[in-house]
Amino acid sequence: MVDSKFYKLGIEGNPIAGEIVIDAHMHIDQYYNFYIPHYQFEQLVRNAQRIGIQRMYGSSLLAICNDAIAGNQRAIHVSSRQRQSQFFRPYLVYKPNYPEELEQILTLAESQNINQFKLHDDGNDLPYDHSNYLPLYEFADSKQSVVLFHTYGEKHLSSITKIADNYKRLKILLGHSGIVDEERYIDAARKCANIYLETCASMAWYGLIERLVQKAGADRVVFGTDMPFMSPDQQIGRILFAKISDEEKRNVLGLNAEHLFSA
């Protein structure tokens, strides 16, 4: 592993240059439940670019935790400031407790050419296969959209695998893959060709990246940081120092996301 380009970059603390590096899971704005320093968007960009991230896909914490309409507009506003570089690209959030908002969100997606959505059950108390979600899945399936799900093991995976079976053109990212019920995530990716495993996790089990890559496939694992909740340095270090080949690291760090979001 010491001959690995990525290992050496990590040891030296140098930004990753000449490679595609995409953060598929981050956030903007403040969080209501605890203090997060340096949450400002400009600080997130500096942290990302310092380690070589070239593109970030993120959702608004305001949208997830409180007001989806205002939060989505905030994410689009931030994205518009980056229009030339396209460094930040927003997920649109939908909260199933407010189904009357969905038409406005889908209209926004089409008008802004946004083809990725974020779903989080924080405060929703509705399973991901609840009927209030189905119109979104139907729309996203028709557009071959990416949907990033917040997940915590079997609590969420049983309903998401049903969605993957019913909407096969939908491209599903399982956030925090392997944080618990590790084998369940691997099994989901093996059984469903439209499920991908996203790596950010606050509990970084030893050897998890290696096991996800070896058991689910290097083409099915996607890098994410969960900024501003977690340090991008720590999250990317889990990939740089993993005992997998450089080609597998390239897939995880960016090539898989490049294909996922552009296909």
Can you tell me which residues in the range 214-238 are in contact with a Ser or Thr (Cβ under 8 Å, 6 or more places away or on another chain), touching a residue at least 60 places away in the same chain (Cβ under 8 Å), among the hydrophobic types (A, V, I, L, M, F, W, C) and surrounded by 24 or more Cβ atoms within 10 Å (Cβ to Cβ)? VAL222, PHE223, ILE236
Tell me, please, whether a residue that is over 19 Å from ASP29 (Cα atoms), at pLDDT 95 or above and within 19 Å of the chain's Cα centre (by Cα) can be found in the range 76-90. no
Looking only at the range 55-110, filter to residues that are in contact with a His (Cβ under 8 Å, 6 or more places away or on another chain) and of a type in the set (Gly, Ala, Ser); which one of those is farthest from GLN144 (Cα to Cα)? SER60
Can you pull out the residues in the range 198-238 that are of a type in the set (Gly, Ala, Ser) and within 16 Å of the chain's Cα centre (by Cα)? ALA201, SER202, GLY224, SER231
What do you reckon, is TYR7 of a type in the set (Ser, Thr, Tyr) and in a helix (DSSP H, G or I)? yes
Positions within the range 203-222 being farther than 19 Å from LYS171 by Cα and assigned to a loop (DSSP other than H, G, I, E, B), in sequence order: MET203, ALA204, TRP205, TYR206, GLY207
Which numbered condition trips up PHE261, out of (1) surrounded by 21 or more Cβ atoms within 10 Å (Cβ to Cβ); (2) under 15 Å from the mean Cα position of the chain (by Cα); (3) assigned to a helix (DSSP H, G or I)? (1)
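Listed here are the residues, each with its yes/no results for (1) in contact (Cβ under 8 Å) with a residue 40 or more places away in the chain; (2) out of contact with any Phe, Trp or Tyr (no Cβ under 9 Å at 6 or more places or on another chain); (3) within 24 Å of LEU255 (Cα to Cα); (4) assigned to a helix (DSSP H, G or I).
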| site | (1), (2), (3), (4) |
| --- | --- |
| GLU42 | no, yes, no, yes |
| ALA48 | yes, no, yes, yes |
| ILE53 | yes, no, yes, no |
| TYR57 | yes, no, yes, no |
| GLN73 | no, yes, no, yes |
| ILE76 | no, yes, no, yes |
| SER80 | no, yes, no, yes |
Within the bounds of the range 158-180, is there any residue that is under 30 Å from ASP3 (Cβ atoms) and either β-branched (Val, Ile, Thr) or in contact with a Leu (Cβ under 6 Å, 6 or more places away or on another chain) (or both)? yes
Mind listing just one residue for me: the one in the range 223-251 that is part of a loop (DSSP other than H, G, I, E, B) and among the charged types (D, E, K, R) and, of those, farthest from ILE11 (Cα to Cα)? ASP226
All conditions in (1) at pLDDT 95 or above; (2) more than 18 Å from TYR7 (Cβ to Cβ); (3) among the basic types (Lys, Arg) are true of LYS155 except (1)
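The values are calculated or read from the model by the stated rules, or taken from the named source; none is laboratory data. Worth saying up front: this structure is predicted, and the values here are computed from it rather than measured. Reconstructed Cβ throughout: ideal geometry from the backbone, glycine too, with neighbour counts over all protein chains shown.
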